[in-house]
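Asks: Questions regarding the structure given below will be posed in turn.
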Amino acid sequence: MAEHLFRTEYGKLIAAIVRIFGATHIQLAEDMVQETMISAISHWSVDGVPDNPGGWLMQVARRKVLNELKRDKMRQRHDWEQATIQYSEQDVSDVFLEGEIEDNQLRMIFTCCHPDLNVEAQIVLTLKTLCGFGVKEVANALLTTESTINKRLYRAKKSIRESNASFDIPQGIALKSRLETVCLTLYLLFNEGYNSSTSDTIIQKDLCLEAIRLTKLLVDRFEENKKVCALLSLMCFHTARFDARIDNKGAIVLFEDQDRKAWNKELIAVGMQYLKRSIHDKELSAYHIEANIAAEHCMAANFEATNWQHIHDLYTLLAKFKPNAIIQLNLAIINSKLEGIESSLEMLEQLAEHDELRNYHLLPASQGIFCMKLGRYEQAISYLDHAKSLGPSPTESKFISEKILESQQALGQDSRQ
């Protein structure tokens, strides 16, 4: 319950509080919202969940901020009047009307993506403050270290505090410059939910559904932007496969072993609709390409019938739009379907020297799985042990351990033959 509460209400509370008290108090809002969450867990375990949880949280968080401002002599007259007159206790639940929540969330995202900050700082601030990511989650999403994220976060909050950034949604050129980063942030938010780096479950549906909700807001608000439609299409295709990605014990099911009957056909159809809406003869983005890759998988009758050449071509094109080591890793894996596992292992060995992948557990895990397919179990165990040492999520760690055990058992059988 606590994790669900944190994921679904944290960003909304931050957005509402910052809108009331101003962007200069982002850190205070974050601190007080965290205290409010702790208070909720304590009170609700005894008294039960109130009829209006959102209103309760908002009321308590606002009071905590007001008390802190008074104690530290931080408040200004305008802040105090806005908070006490416009948001009195009797109408505090109005802040959580659906339209107002959406408006607050959208404004907060665009504020975090303020042009006074560099793009990396914008993303870090949004993921940490609005999406409720831990520092480790942000670091994993950006393939960097926790210390680097802490530094970026400190500089970002200092900059936005000193500039007192406006909550107005920009127009024209300013809109376009911010929208790119907003989309990237929602993409990373969805990815963390789809393949969680810290949770006990591989999928954090709350994160994915929140990313979809916010992306849908962008589609409705900025209909002319085809990239946003492509991003929403991509999310729909991936979400359609949720139920097939884990078995009834919560264990990971490899893509090739998934039961495609469990894929959500209705959601795939919705994804196709948004993909068609995203088509534009003058605009092609990485989101378009990734959505087409996901669509190709969804359209294949089974794993063996997949058009791997087309997918390889799409990934090659994607590498030109978004050159990074993860795309190269995917290309190396897909290459096994075209030129064989040996060829893929050679490519993966070369990628192992890449700085971005040096501590990325999925690379040696992939090497281990490929070696198992070739019957090289001792080598597979070595790769899988290394993957496990790189700190995968608990669910991934369990999966890797199972593969190590399979390899050990296979070696035992071979020695008895």
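Asks: Give me a comma-separated list of calculated 3J(HN,Hα) values for segment 314-327, in order, Karplus coefficients 6.51, -1.76, 1.60 applied at θ = phi - 60°, integers in Hz, x for any Gly or Pro.
Replies: The phi angles translate into 5, 5, 5, 5, 4, 4, 6, 7, 9, x, 7, 5, 5, 5 Hz.
Asks: What percentage of the solvent-accessible surface of segment 278-417, computed with a 1.4 Å probe over protein heavy atoms, is contributed by carbon and sulfur atoms?
Replies: That share works out to 49 percent.
Asks: How much length is gained if the chain between Asn150 and Glu304 is pulled fully straight, taking 0.36 nm per residue apart and subtracting their Cα-Cα distance, in nm to one decimal?
Replies: This chain segment gains 51.0 nm when fully extended.
Asks: Here is a further query. At a Cα cut-off below 22 Å, give the lysines reachable from Lys265, other chains included and same-chain residues fewer than 8 away excluded.
Replies: Lys205, Lys216, Lys276
Asks: At 7 Å along the Cα-to-beta-carbon direction for both Ile246 and Arg221, put a label point, then send me their distance in nm to one decimal.
Replies: Calculated label separation equals 3.1 nm.
Asks: So if R0 is 30 Å, what FRET efficiency would Leu284 and Leu254 give, r being the distance between their Cβ atoms, rounded to the nearest 0.05?
Replies: 0.45
Asks: Turning to a different aspect of this structure: Using amide H atoms built 1.01 Å from N in the peptide plane, name the residues 5+ places from Ile246, or on other chains, whose amide H lies under 5 Å from its own.
Replies: Val253
Asks: Based on the mean of other Cβ atoms within 10 Å per residue, sort peptides 221-232, 322-333, 47-58, 246-257 so the most packed one is first.
Replies: Descending mean neighbour count gives 221-232, 322-333, 47-58, 246-257.
The values are calculated or read from the model by the stated rules, or taken from the named source; none is laboratory data. From a predicted model like this one, the values you see are computed outputs, not experimental measurements. Here the Cβ is made from the backbone with ideal geometry for all residues, glycine too, and neighbour counts use every protein chain on show. The protein model used for the area step is the full one, side chains on, heavy atoms only, and it has no ligands, DNA or RNA in it. Shrake-Rupley method; radii C 1.70, N 1.55, O 1.52, S 1.80 Å.
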